[in-house]
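Chemist: Could you have a look at this structure, given as structure tokens, before my questions?
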Amino acid sequence: MKLIFAGTPKFAAHALDALVHAGHEVKLVLTQPDRQAGRGMRLVESAVTLAAKRRALRVEKPDSLKQQALHDLLHELDADLMIVVAYGMLLPLSVLNIPRAGCINIHASLLPRWRGAAPIQRAIEAGDTMTGISIMKMDAGLDTGDILLQKQLAILRDDTGTTLFEKLALVGADAIVEALANFGGLTPSPQSSAGVSYAKKVSKAEARIDWKQSADVIERRLRAFDPFPGNESWLDSEGLKIWKASVIANEQRNVEPGTVVAASVNELRIQCGHGQLSVETVQRPGGKRIPIEQYLRAKRISPGAVFS
């Protein structure tokens, strides 16, 4: 099939590679403009840009999808479909209606659960045990279109945003190839009105740990917000990112949440609103992720200290 592809992160790059490998003709790749990143704030190309360049595909990086010149180009390409994967821009109806068979989206949840920007993180944060990929016919709504194909994937107890992202990227790449191979035989199915939930974009403001929450909730957030934005707390005027911890569910002390209840050469246990967390991996400002034992060798912490 003749395709236009729209996507930006590594999640989308997997799908682009799979479509080309399957023999589809990608006439154009749309991706987000280069962004500043890193300490030097240099311009960095998206993962999809890099994947497209490796395959000598035409790439455009429009600031807006409302430009008439872009519409003219999309019409000239005479594509069968546009495949949209984590593009980062809403497609106006004027664009959705250009390809002959419309636009197809790869969404990283089992719709209608977790419509929106951050379905992977919100699924882990909520304690979901199952997620998956939805191949959806796009309409003017936010992830409200008819479902063409779904694939399920279990969320494991140790999955993080990073690991689940990688797994779902591969499932999504396989699913879109399967969907296009059987496109004429797929029956669009309207989404149920029951079970709708929204996955709002993750913000830096969510990184601060609220120790009044239960240990279970905090531990899920540690995994969900890895790698971005991480989870941070403060002790002695120094910020500390906590990347990994295990739940001590049945332990409870009559102390303020955030209080260190056990500290030794290889253990740091903190009281939560309910239960405790045994911290395993941390990161000091400007440093790398390190095991708690290494951190405790450099910083002396006594029971009764309070993280805020």
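Chemist: Quick one: give the max-minus-min coordinate of the C-alpha atoms of the chain along each principal axis, largest first, in Å.
Modeler: 69, 46, 31
Chemist: Could you tell me the relative contact order of segment 104-180? Use alpha-carbon pairs under 8 Å, at least six residues apart, and round to a whole percent.
Modeler: 33 percent.
Chemist: Could you work out the relative contact order of segment 204-298? I mean the mean sequence separation of Cα pairs under 8 Å and 6+ apart, divided by the number of residues, in percent.
Modeler: 27 percent.
Chemist: Take the Cα gyration tensor of segment 68-186, multiply each eigenvalue by 5, square-root it, and list the three semi-axes largest first, rounded to whole angstrom.
Modeler: 28, 15, 12
Chemist: If you average the alpha carbon positions of segment 141-220 and of segment 34-109, how far apart do those two centres end up, in angstrom?
Modeler: Segment 141-220 and segment 34-109 have Cα centres spaced 21 Å from each other.
Chemist: Using the Karplus equation 6.51 cos²θ - 1.76 cosθ + 1.60 (θ = phi - 60°), what ³J(HN,Hα) coupling, rounded to whole Hz, does each residue of segment 281-290 give in order, writing x for Gly and Pro?
Modeler: Residue by residue, segment 281-290 yields 9, 9, 8, 7, x, x, x, 9, 5, 9 Hz.
Chemist: Measure nothing but the geometry: give the 0 to 90° angle between the long axis through the Cα atoms of 68-77 and the longest principal axis through the Cα atoms of the chain, rounded to 10°.
Modeler: Helix 68-77 sits at roughly 70 degrees to that axis.
Chemist: Right, next: Take 243, 234, 114 and order them by how many other Cβ atoms sit within 10 Å, fewest up front.
Modeler: In increasing order of surrounding Cβ atoms, one gets 234, 243, 114.
Chemist: Sorted from largest to smallest, which semi-axis lengths in Å does the alpha carbon gyration tensor of segment 1-144 give for its equivalent ellipsoid, taking the root of 5 times each eigenvalue?
Modeler: 24, 20, 15
Chemist: A follow-up question, please. Give me the Kirkwood hydrodynamic radius of segment 163-308 in Å, from all C-alpha pairs, to one decimal place?
Modeler: So the Kirkwood estimate lands at 17.6 Å.
Chemist: So, one more: Would you look at the GNM of the chain, springs on alpha carbons closer than 10 Å, and say which of 223, 39, 284 moves the most?
Modeler: Highest fluctuation among the options: 39.
Chemist: Can you show me the helix-derived [θ] at 222 nm for the chain, built from DSSP H runs with n ≥ 4 at -39,500 (n - 2.57) apiece and divided by the number of residues, rounded to the nearest 500.
Modeler: -7500 deg cm²/dmol
Chemist: Let me ask something else. Nearest 10 degrees is fine. How inclined is helix 161-181 to the longest principal axis of the chain, computing both from alpha carbons?
Modeler: 20 degrees
Chemist: Follow-up question, since we're still on this one. Looking at the chain, what % of its DSSP beta bridges pair antiparallel, to the nearest 5?
Modeler: The antiparallel proportion sits near 65 percent.
Chemist: Could you give the alpha-carbon Rg of segment 227-269 over 2.2 N^0.38 Å, rounded to two decimals?
Modeler: Rounded to two decimals, the normalised Rg is 1.31.
Chemist: From the gyration tensor of the Cα coordinates in segment 254-302, what semi-axes in whole Å does the equivalent ellipsoid have, largest first, with each one equal to sqrt(5λ)?
Modeler: Gyration-tensor ellipsoid for segment 254-302: 20, 11, 9 Å.
Chemist: Here is a further query. If I take all pairs of Cα atoms in segment 180-238, what percentage of them are more than 20 Å from each other?
Modeler: That tail contains 52 percent of the Cα-Cα pairs.
Chemist: What order do you get for 120, 301 when you list them from fewest to most C-beta neighbours inside 10 Å?
Modeler: Going from least to most buried by this count: 301, 120.
Chemist: Which whole-number percent is the relative contact order of the chain (Cα, under 8 Å, 6+ apart)?
Modeler: This gives 13 percent for the chain.
None of the figures in this text is laboratory data; all of them are computed from the coordinates on show. Everything quoted here is computed from the prediction, not taken from an experiment. FYI the Cβ positions are ideal-geometry reconstructions off the backbone, even for glycines, and counts take in every protein chain you see.
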